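Q: Have a look at this one.
The values are calculated or read from the model by the stated rules, or taken from the named source; none is laboratory data. Note that the coordinates shown come from a computational prediction; the quantities given were computed from them, not determined experimentally. Backbone-built Cβ (ideal geometry, glycine too); neighbour counts: all protein chains shown.
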Amino acid sequence: MAIFIHEDMKIDMSISSKTILYKGGMLVFIGDGYKAISMMLNNSKNQEPVREKFHNQLTMREKPKFSKGDDIETLRKLALNEHARNQEKKNKSKKRY
């Protein structure tokens, strides 16, 4: 998949590390492919051809790992504790030589 044209927009995915989005012949975005596809969808009057073309990219996006029932504060504390443990391990391994 290299170039896709829809309405007055053109998305160029020929370079794997970045995607380029043009609207009305003017550069709108350079960067992440998923973000470019989302921008193209949001600016399209008829979104269905874009959804069909990029169905795989849109459905493969990873879902969040926490559910609505998870408490954000609890998750933050868990992350901080894990970070502290990793720092302790790094400090212990540095002192061994």
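Q: Being in a strand (DSSP E or B), hydroxyl-bearing (Ser, Thr, Tyr), at negative phi and surrounded by 14 or more Cβ atoms within 10 Å (Cβ to Cβ), is that true of even one residue in segment 16-27?
A: Yes: segment 16-27 contains one or more residues that are in a strand (DSSP E or B), hydroxyl-bearing (Ser, Thr, Tyr), at negative phi and surrounded by 14 or more Cβ atoms within 10 Å (Cβ to Cβ).
Q: Also, I was wondering about something else. Hey, does segment 59-66 have a residue that's in a helix (DSSP H, G or I) and modelled with pLDDT under 90?
A: Within segment 59-66, one or more residues are in a helix (DSSP H, G or I) and modelled with pLDDT under 90.
Q: Would you confirm whether any residue within segment 73-87 is in a strand (DSSP E or B) and at pLDDT 90 or above?
A: No, that holds for no residue.
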